[in-house]
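Below is one structure, written out as structure tokens; comments come after it.
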């Protein structure tokens with residue numbers, strides 16, 4: 001596989017340079033643009049693998065760019081926000097972004113997020129998850145047809161809601177799912193302020209799945225949502 | 001300095017209430033005037049302590065007049081005083097009355113003068129306009145000097161018995177040789193006794209007349225006739241008659257006076273108690289409940305008070321002894337209460353508006369607005385004395401509510417001033433302390449750009465830049481939390497959050513700064529939920545952990561422990577460093593406090609972190625404290641409200 005191509009959309013020059021330098025150090029190929037308009041054109045013409053998108057652009061609203069891009073592409077979008085308020089991140093995630101970074105972020109953090117996104121790209125290329133009847137992530141196995149969950153050879157018994165949660169996360173592995181989206185998908189017609197029960201179900205799910213796996217599977221993003229991590233093959 | 005009386009600005013019409021049937025015209029004229037000038041209307045009734053209680057008919061007139069005034073939208077005021085004119089003048093001055101409407105006859109009666117009464121009143125009140133209405137039948141407005149109560153057999157019996165006993169005793173004395181003069185004094189005593197033991201002057205008068213006749217019949221020559229031979233007798237009779245009338249009227253007056261005094265004392269006591277209790281009451285709710293209690297004690301029925309918030313009735317305070325409280329909250333009762341709020345007039349039972357309700361609704365007026373609506377259950381008809389007491393208690397309640405509102409406004413101003421002060425201090429401290437790391441960053445970067453630094457020293461400069469920028473990042477995080485606190489000063493975004501999630505989030509964010517310290521986490525229950533604004537609590541945990549790392553030697557241990565404590569969740573962050581001296585313990589949570597004994601190689605903080613922690617925790621309704629760890633080190637503890645979640649699958 002070619003070195004992945006990353007599109008940087010950031011109007012602030014020092015930050016753009018910083019991201020650029022960081023990517024260079026890992027030998028990623030990259031395109032850097034300053035405006036939303038240029039970002040849309042570049043993503044159409046060059047078909048990058050990942051987009052790193054600053055939410056505070058001068059010409060276009062970040063959420064608009066995400067919506068436009070999602071009309072034709074499933075490439076991972078990592079949004080960068082300088083506001084401490086969570087609401088703009090949630091809005092971007094609900095619009096289809098995969099992950100978020102808050103300024104100030106460290107170089108390590110940025111690289112970690114890019115690796116997660118790349119694993120998602122790889123996963124999406126290898127499996128067309130919608131058609132597959134079995135999901136595999138490290139030692140975790142979900143047999144959608146039979147409705148069973150295994151870690152290694154051992155079956156894990158989940159309650160119906162826990163199973164639904166796990167499937168939803170599995171279908172979006174590597175992507176941060178907001179509380180609202182999960183509630184809408186799993187509870188369907190319950191009131192949206194049912195997040196406390198979501199928290200508890202997620203905790204019991206983790207308690208059942210993570211100890212046999214021996215590693216963290218589900219990441220909690222306080223105030224935002226959850227994400228299933230793509231477990232690396234060697235572990 | 002002499003105080004200058006300023007002419008009042010707002011129009012205020014005063015009508016004077018009297019028990020006269022003609023008074024209705026005065027009230028109507030006052031109401032028309034008030035409407036025409038868009039003025040406040042007050043109806044004043046001056047009760048005079050020297051006057052005898054009103055006969056039934058007049059009392060009814062007075063009640064009718066009072067309710068007429070109330071219907072006309074007047075605020076009823078009652079004042080007490082012997083000099084009616086003075087009372088009116090005093091009231092008009094304090095209430096800043098601009099127009100007074102009076103009946104001519106009433107004015108003449110009040111000022112006890114037929115010569116230019118209006119002129120006299122006008123001189124007493126230079127700023128008020130006077131409107132005099134011609135009234136016919138001024139005699140009707142006069143109060144009768146004494147009251148001739150209807151005849152009762154019981155009193156008549158008492159009177160006869162006294163007369164018979166006196167006569168028998170007189171006959172006995174006569175046998176023993178006493179003079180007629182002594183026997184006459186005996187009869188005067190009898191008249192006095194009669195007047196004292198019976199109600200009203202009728203029996204006193206009757207008794208004097210009968211005494212004279214009996215005396216004449218039994219004791220004067222010729223005896224056993226109503227004739228008198230001695231030329232001195234007519235004079236004796238006259239003296240006796242005058243003496244008996246005088247004593248009888250004096251006794252009657254004394255009795256009336258005693259009754260009036262008792263009522264006055266009762267009224268004063270009730271109002272004093274009400275006023276004292278209302279002053280002790282803290283908060284609107286207590287004031288309303290206290291008022292309801294007072295009204296209940298007065299009228300025997302249930303009493304409820306709807307507070308008015310933003311011109312809408314809210315949850316009422318209720319005081320009742322019976323169990324049928326539900327029927328006090330029917331839609332019709334509510335409608336009556338709302339009508340009273342909207343029209344600032346009486347409604348409900350005993351009035352023409354919603355007469356079918358259990359309660360009568362009255363407006364509690366504060367400064368320029370209806371502060372509350374009182375509902376009084378009418379289990380029996382109230383006399384004018386009780387009605388005026390009710391109104392007076394509601395007046396007290398209105399005053400107390402006004403005072404409460406003023407207090408709250410003052411408190412919020414003080415709070416605002418404190419916040420402003422805090423903000424000013426914060427800005428000063430920040431602008432001062434920002435310079436240091438910024439100077440270091442720009443200076444170090446400059447050195448590196450010039451390329452004049454030897455290779456081996458470059459690394460140190462890079463490290464300095466990095467450390468200073470991390471310090472700035474932490475500062476900004478705390479400042480952001482402070483603005484968040486400011487924004488949400490009224491209400492935090494409290495949600496039940498999983499404690500383990502929040503701790504995980506804090507640990508992830510601090511991971512890079514842990515260095516050689518070892519952090520151990522102990523959570524009693526993975527599914528523990530607490531009510532919190534999650535980003536703020538993460539900030540608290542970060543600050544506590546950060547301090548534990550910063551102020552303890554390398555390779556020491558930090559323990560983060562979470563457990564349930566009744567209805568609360570207790571978080572503790574303990575280290576085994578050198579601890580905090582008792583003196584410093586008192587100040588660690590103060591803003592801008594930094595430990596003087598901090599290690600030299602750490603940059604001193606702004607003294608914001610722990611102050612922010614305390615602000616956040618107390619905004620959550622929790623507590624934060626510091627104590628000593630055993631054998632050494634310090635323990636920071638804070639509590640949050642536990643949350644419950646019900647799962648239904």
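How much of the pair distance distribution for region B:194-285 lies past 18 Å, counting alpha-carbon pairs only, in percent?
Counting every Cα pair in region B:194-285, those more than 18 Å apart make up 63 percent.
Give me the extension gain from residue B:378 to residue B:181: residue separation times 0.36 nm, minus the current Cα-Cα distance, reported in nm with one decimal.
65.1 nm
For each of B:15, A:33, B:364, count neighbouring Cβ atoms within 10 Å of the residue's Cβ, then give the residues from fewest to most.
Lowest to highest Cβ neighbour count: A:33, B:364, B:15.
So for chain B: antiparallel DSSP bridges make up what percent, rounded to the nearest 5?
About 65 percent, rounded to the nearest 5.
If you count, for every residue in B:524-536, the Cβ atoms of partner chains within 10 Å of its Cβ, what is the mean?
For peptide B:524-536, the averaged partner shielding equals 2.
Would you calculate a helix-derived [θ] at 222 nm for the protein assembly as shown, using -39,500 (n - 2.57) for each DSSP H run of n ≥ 4 and dividing by the full residue count, to the nearest 500? Mind dumping the intermediate values first?
Details: 26 runs with 440 residues, N = 884.
Value at 222 nm, helices only: -16500 deg cm²/dmol.
Give me the one-decimal nm value for the distance between modelled label points at residue B:619 and residue B:516, 7 Å along each residue's Cα-to-Cβ direction.
3.8
As a test, work out the antiparallel percent of DSSP beta bridges whose residues both lie in the protein assembly as shown, rounded to the nearest 5. Let's see the in-between values first.
Details: 62 of 105 bridges.
Percentage antiparallel, nearest 5: 60.
Any idea what the relative contact order of region B:153-255 is, in percent, if you count C-alpha pairs under 8 Å spaced at least 6 apart?
30
For region B:281-409, restrict the atom set to alpha-carbon positions and state the Rg and Dmax in Å.
13.3, 41
Starting from the Cα-Cα distance between residue B:235 and residue B:272, subtract it from 0.36 nm times their residue separation and give me the gain in nm to one decimal.
Extra length available between residue B:235 and residue B:272 comes to 7.9 nm.
Cα axis of helix B:56-71 to longest principal axis of chain B: angle in degrees, 0 to 90, nearest 10?
Rounded to the nearest ten degrees, it is 30.
Using every alpha carbon pair in region B:488-641, what percent of pairs falls into each 5 Å bin from 0 up to the bin containing the largest distance?
Computed distribution, short to long bins: 2, 9, 19, 24, 21, 15, 7, 3, 0.
Between 0 and 90 degrees, rounded to the nearest ten: what's the tilt of helix B:180-197 against the longest Cα principal axis of chain B?
Once rounded, the angle reads 40 degrees.
In region A:1-160, what % of DSSP beta bridges are antiparallel (nearest 5)?
On the way: 11 of 28 bridges.
Here the share of antiparallel DSSP bridges comes out near 40 percent.
Mind jotting down the three principal axis lengths of region A:134-228 based on Cα atoms? Whole angstrom, largest first.
Per principal axis, max minus min of the Cα coordinates gives 38, 25, 20 Å.
Under the rule a/c < 1.5 gives rounded, and otherwise a/b versus b/c splits prolate from oblate, where does region A:1-53 land using the Cα gyration tensor?
Taking the square roots of the gyration eigenvalues as a ≥ b ≥ c, region A:1-53 is oblate.
Return one quarter of the surface area of the convex hull spanned by the alpha-carbon atoms of the protein assembly as shown, equal to its mean projected area, in nm².
63.6
Could you tell me the ratio Rg/Rh of region B:414-567? Both radii from Cα atoms, Rh via Kirkwood.
Checking Rg against Rh, the ratio lands at 1.06.
Once the principal axes of the Cα atoms of region B:504-556 are found, what is the range along each, listed largest first in whole angstroms?
Result for region B:504-556: principal-axis Cα extents of 34, 22, 16 Å.
For Cα pairs less than 8 Å apart in space and 6+ apart in sequence, what is the mean separation divided by the residue count of chain B, i.e. the relative contact order in percent?
Once divided by the residue count of chain B, the mean separation gives 7 percent.
To make sure I understand, if each residue's beta carbon is the centre and we count other beta carbons within 10 Å, what order do B:253, B:57 fall in, fewest to most?
Fewest-to-most ranking of B:253, B:57: B:57, B:253.
Can you figure out the FRET efficiency of residue B:285 with residue A:132, using R₀ = 56 Å and their beta-carbon distance, to the nearest 0.05?
Here the calculated transfer efficiency is 0.35.
Which of the three applies to region A:5-126, rounded, prolate or oblate, going by the alpha-carbon gyration tensor with a ≥ b ≥ c and a/c under 1.5 meaning rounded?
rounded
Ranked by Cβ crowding within 10 angstrom, fewest neighbours first, how are B:564, A:202 ordered?
Values: B:564 14, A:202 23.
Lowest to highest Cβ neighbour count: B:564, A:202.
Once fully extended, how much extra length lies between residue B:254 and residue B:338, figured as 0.36 nm per residue of separation less the alpha-carbon to alpha-carbon distance?
Details: separation 84, 0.36 × 84 = 30.24 nm, distance 4.70 nm.
Full-extension gain reported as 25.5 nm.
Given an 8 Å cut-off on Cα distances and at least 6 residues of separation, report the relative contact order of chain A as a percent.
Values: 353 pairs, mean separation 32.8, N = 235.
Taking the mean separation of contacting Cα pairs over the length of chain A, I get 14 percent.
Please average, across the residues of A:194-206, the number of beta carbons from any other chain that are within 10 Å of each residue's own beta carbon, and give a whole number.
The per-residue average across the peptide is 5.
If each of residue B:297 and residue B:628 carries a label point 7 Å out from its Cα toward its Cβ, how far apart are those two points in nm?
Calculated label separation equals 5.4 nm.
By its C-alpha gyration tensor, with a ≥ b ≥ c as the square roots of the eigenvalues, how is chain A shaped: rounded for a/c under 1.5, else prolate for a/b larger than b/c, else oblate?
Taking the square roots of the gyration eigenvalues as a ≥ b ≥ c, chain A is prolate.
For chain B, take the longest principal axis of its alpha carbons; what is the angle in degrees between that and the long axis of helix B:23-37, to the nearest 10 within 0 to 90?
So the helix axis and the longest Cα principal axis differ by about 30 degrees.
Each value in this text was obtained by applying a stated rule to the coordinates, not by laboratory testing. Keep in mind that this is a model prediction, so the values were computed, not measured. Neighbour counts run over all protein chains shown; Cβ positions are idealised from the backbone, glycine included.
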